[in-house]
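All remarks here apply to the structure that follows.
The values are calculated or read from the model by the stated rules, or taken from the named source; none is laboratory data. Keep in mind that this is a model prediction, so the values were computed, not measured. Cβ sites come from the backbone with ideal geometry, for glycine too, and all protein chains shown count toward neighbours.
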């Protein structure tokens, strides 16, 4: 059951990087939402390989087909299946990996757990699996936008040691998409691209941090205790390939402050709405959204599959070396941006429906 | 449904800090496990308030009762209910909080979501809720120990800017429990206690980082895609009160390395087992445990409820100030240690049963 | 996880017939619902033993305590725990059953599955477990009544071969409760009571059929495919102790008609609402409620535990005989009525919240 | 979430009768199971339309494609997706149904719930959805057979008033498949086929009862309380289109016996295994399989879509008549047989894995 996410807006992804295709089934989507393959394709194009010189040179169009759940341009309330066929596969690039385990990759653990593995291009552990998430996220984003005007914007905040100044209150999708790195600070982006270019030439790879802001999130999303909004966001983001850390609001840095420095004091704004002066909480208090911007960060490690030669072992346990062939990203972060956005959208959409059910069904006397 | 955690070893916690009591129902526990109230009490005593001068001065014995699921000292395979009655409650300490929202606390968001709130001592948002988790965690730990000799040890790694050197390979429970802070580095502990003492005197509070290691974890736990082991650990830990961040293995720091520096090279040890030279993966690759130590860190913010005066608003939205009465922890970290351990135990135990079901039921020909 | 029921209005029952107590945790209940122990007690009193000469002579007050989730008479939106302590237990009545398996009872299968069993009074397999269901059902009924005026009325339709004429459109709770059998047809009730009295004297037992009607159910509850409303009702009812069959609407008898005879023709009533002339569908079409009365029936076998001597085996597999001691119901049906009502209420309440979430969150243009 | 079934062996079906296709995603399947499209096709061919003159004359090959989860003929442990494209669709046959509601069909309730409906051939409410169930059932059957030699055989027991004598202990798949009705009693089958032929000529339809036996089921499957084995079987079967009733073992008829007549006495057979003399329990006691044959029955109403003219209303609520065009089954029972088998296999396979996890992971001392 590890391939399903969400409680009411619930997605199940399927597919290996090589084989018939990859995709997603979305169950619980509200009916009568206008949706088209073209709208979903926009988000898929943001995550597809080959989009620039700093991503993998694999060229995959990743054209999506809505197989079910939509009729005459509208969702039916029944499961929406979105399928992307695998094309441009080169299994021969991976033949060595049938035997030899890539360090810090899923090869060895899959073999140990399942006793079998589709070794062509990573199989189920391939980032190609995230196609289903991004497709579903496109629908979740549209629901959130229609109901509450929610805007979700992710961007590259740091590559290796290069950190960009970006104001989550002001950042726009246009600024994010204005360069191939998806860092809205143009100057920082240029430097980041430079070191990624260098890593690529060195057959090496780089990691970094994606930050994501969700604006106009309704108050009241999230549930105390286990399904705190930040807990579900953490799970969503930490389930992405290559993620190693998650922070909400002030995160790890916030632990260096004292209580009086860290607390977000309340005030009432001109419209009578209760607000916080600062937002170290990152838009969530007690596991529940408070209407301020949700701000989170995710750490992505340097890509595990690299061209440089490394010590490793093969299936038989014999020591050997591996310099990976195949076409790999020198840095996953530009393509991780739409993946993080998708996970945030899926969590928020699910909790929006959950809140509606529990807290807005019974008529309140006051 | 936000109060249930786990898929096969599944717990549901209940209760508010004031009211009839708090507790947990555990469903799916294997039968014929020897368990006693005394064993559970050991863990509860590690999290209870009043255990030292650097925790809240509330004195609560938190004595547990096994209401169901155990017969003649053995688990029955039916739901295990553990109940701790609320005693030593002083609702009058909280009467001001019925009206006035504590900054960075759950008061305002609970009111906004539910329209009602048990304002006595935090109600459901109180850390008292974690009694149920710790009690269930005691059972999960025992199962993990019996089946595979798993050891789970948490400890305070950092308070504010004071970070302790601790070797997760070597740390012992005895060292952790040797001081009231639960920092196994005695020298660092002393300094940390000093600054917490000072914060307490200042009616202020401090945060920090808990690190946790799980040793002897079987290979193969975790599931690709959404229920990656690190994703479920992240959710578990981020669902604890006051947590703001989560890291596995190299975490955020790892993103500053290049791929060749970060990858864990493989070798075969003298017993023929495939191992990694380094452990930047933190014991998990591709979402699945690889048999190395699982190492994770959680950021806990400074306690929100402090005695210092802060600007805030009341339920009517009128601006006011609040200097919290009541008996609060100047630093949650010493008591967070058993909570983190409990969440780690719950996740590992659940995935152990899941792995058994999927990967060890069908006889394998080889 | 077999002890949890429902997706949004979700209950977990716990407890054995002997031990600390039995009860329920309800997660997902809407906040701000007025509820009291007295209201819940009313329903519990309808299911408790010792209420009349045709039920078990065990006298148990089954007084309930709300342990959590309610504050100042209102639900908090947090888990509601309801606990009933076990009293008047006589484990010595069951000492023989520690060794000897009662025919058609759970003794042997529990031992085979779990390797251990609380043999005092049936343990977890005791009908005492249904206390938690009935308590939760009381809350579900109140929600359904408040939101939509739903009325759920169960009654004894048949005992052995004696079947009563009862009109589900007209039947009232008052008529049901007017006799100890809960058969609203007074004449039939009298005859039924007579044969139960005889069975009791013979140390034998009887079975029969409970019918249940739910009126004023909103249109649109239920979900196509697996969670069809009738499928979830079937599961709920078939999970009650001693149930052997389930029917919706025309049920098994309906299979003797042809399509033209069986179909419910549509018409539009004076208010403009689409209605059906007949109701062989039992208020559900395509898995979704159509606004007509939901009518279902459940078969309950004769109580397995009887005083007559029967051939059986003991734990060691040695053949022996058993004439059960203890205090048992000669016929479970009078007490099964509130249990069936509770399961129907739980299913409807869950689907009401689910429908709200999926189909009433997104604003519809028309 | 209504489109997912099972807890560990978990399937999600998708698709409408008209549109891109129908299918299933299976999550949680054990790895290293040999499986081929050809094996799945065998079961699909048993449910496909056009297989004989007493089923719908629609000719659909329903050729399946395994899109994911299988590699070199073996399951990978990742989600298995099986897709069947929609072909030979004739939406024009259904154009009238875009406006006019078929009596006792899902048309009106779908419109009321979702505000939108794929009116071409029933959309999601079409029996075509069961392709996914039958495909997944084929895999579940194979797992059950490999692990425990389980055999699941369904057959037509009754059409209208014609009931066949069939011994569930002895019935074979060969006998079932020896005629187009799937009634292993050849003489009865002939008469049944005759009345179905007549109904077809009359533009009418017939219902009846399918019985299903599962042999060699391991002891210990099922879980007390809500997930009793019979409760999950009831849900599975009652989620099939056109089902109106469910019975386990003695069912409704058993309620006419007294306790002493109904109870299954125990004995110990020559191999030392505890057995029951009779099997009125239908192979399940206390919600848990006891190793005897599981025997259940399902009532299927006469097909709702018929050629005869009936009174109905259109979307606007105006009264009209409808004589359905399109190609419909005069009796669903022959095709319902593999559907019932599939649901039984899915429930048993899920509970087999669940039992393994809870009751066979912890080493038992004795």
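Residue C:344 passes all but one of (1) over 24 Å from residue D:231 (Cα atoms); (2) modelled with pLDDT of 95 or more; which number fails?
(1)
What is the one condition in (1) crowded, with 24+ Cβ neighbours inside 10 Å; (2) closer than 19 Å to residue A:124 by Cβ; (3) modelled with pLDDT of 95 or more that residue A:85 does not satisfy?
Evaluating residue A:85 over (1) crowded, with 24+ Cβ neighbours inside 10 Å; (2) closer than 19 Å to residue A:124 by Cβ; (3) modelled with pLDDT of 95 or more leaves (1) as the failure.
Quick one: residue C:265 ticks every box in (1) under 21 Å from the mean Cα position of the chain (by Cα); (2) farther than 22 Å from residue C:130 by Cα bar one, so which box is it?
So residue C:265 meets the others, but not (1).
Considering only residues that are touching a residue at least 12 places away in the same chain (Cβ under 8 Å) and in a helix (DSSP H, G or I), which ones fall in region A:34-52?
A:37, A:39, A:40, A:41, A:42, A:43, A:44, A:45, A:46, A:47
When you check residue A:184 against the structure, is it part of a loop (DSSP other than H, G, I, E, B), more than 10 Å from every other protein chain (Cβ to nearest Cβ) and either surrounded by 23 or more Cβ atoms within 10 Å (Cβ to Cβ) or at positive phi (or both), yes or no?
Against the criterion (part of a loop (DSSP other than H, G, I, E, B), more than 10 Å from every other protein chain (Cβ to nearest Cβ) and either surrounded by 23 or more Cβ atoms within 10 Å (Cβ to Cβ) or at positive phi (or both)), residue A:184 qualifies.
Go through D:130, D:55 for me and flag whichever is part of a loop (DSSP other than H, G, I, E, B), surrounded by 21 or more Cβ atoms within 10 Å (Cβ to Cβ) and in contact with a helix residue (DSSP H, G or I) (Cβ under 7 Å, 6 or more places away or on another chain).
So the residue among D:130, D:55 that is part of a loop (DSSP other than H, G, I, E, B), surrounded by 21 or more Cβ atoms within 10 Å (Cβ to Cβ) and in contact with a helix residue (DSSP H, G or I) (Cβ under 7 Å, 6 or more places away or on another chain) is D:55.
Would it be correct to say that residue A:148 is out of contact with any strand residue (DSSP E or B) (no Cβ under 9 Å at 6 or more places or on another chain) and either in contact (Cβ under 8 Å) with a residue 24 or more places away in the chain or within 14 Å of chain B (Cβ to nearest Cβ) (or both)?
yes
Determine whether region D:21-33 contains at least one residue that is more than 8 Å from every other protein chain (Cβ to nearest Cβ) and not in a loop (DSSP other than H, G, I, E, B).
yes
Scanning region B:1-16 for residues that are in a loop (DSSP other than H, G, I, E, B) and surrounded by fewer than 24 Cβ atoms within 10 Å (Cβ to Cβ), which turns out farthest from the chain's Cα centre (by Cα)?
This residue is B:1.
Specify the residue that is surrounded by the fewest Cβ atoms within 10 Å (Cβ to Cβ); the eligible residues are those in region A:27-52 that are touching a strand residue (DSSP E or B) at 6+ places or on another chain (Cβ under 8 Å) and either at positive phi or at pLDDT below 95 (or both).
Filtering region A:27-52 for residues that are touching a strand residue (DSSP E or B) at 6+ places or on another chain (Cβ under 8 Å) and either at positive phi or at pLDDT below 95 (or both), the one surrounded by the fewest Cβ atoms within 10 Å (Cβ to Cβ) comes out as A:32.
Filter region A:306-332 down to the residues that are crowded, with 17+ Cβ neighbours inside 10 Å and in contact with a strand residue (DSSP E or B) (Cβ under 7 Å, 6 or more places away or on another chain) and list them by number.
Those that are crowded, with 17+ Cβ neighbours inside 10 Å and in contact with a strand residue (DSSP E or B) (Cβ under 7 Å, 6 or more places away or on another chain): A:310, A:312, A:313, A:314, A:322, A:330, A:331, A:332.
If you go through region B:56-106, how many residues are in contact (Cβ under 8 Å) with a residue 60 or more places away in the chain and at the interface with another protein chain (Cβ under 7 Å from one of its Cβ atoms)?
So the count comes out to 4.
Residue by residue through region D:67-85, note down the ones that are touching a strand residue (DSSP E or B) at 6+ places or on another chain (Cβ under 6 Å) and farther than 22 Å from residue B:354 by Cβ.
D:67, D:73, D:82, D:83, D:84, D:85
Of all residues in region C:116-127, which are surrounded by fewer than 24 Cβ atoms within 10 Å (Cβ to Cβ) and either modelled with pLDDT of 95 or more or assigned to a helix (DSSP H, G or I) (or both)?
C:127 - this is the single residue of region C:116-127 that is surrounded by fewer than 24 Cβ atoms within 10 Å (Cβ to Cβ) and either modelled with pLDDT of 95 or more or assigned to a helix (DSSP H, G or I) (or both).
Which of the following residues is surrounded by 24 or more Cβ atoms within 10 Å (Cβ to Cβ) and assigned to a helix (DSSP H, G or I): A:175, A:145, A:140?
A:140
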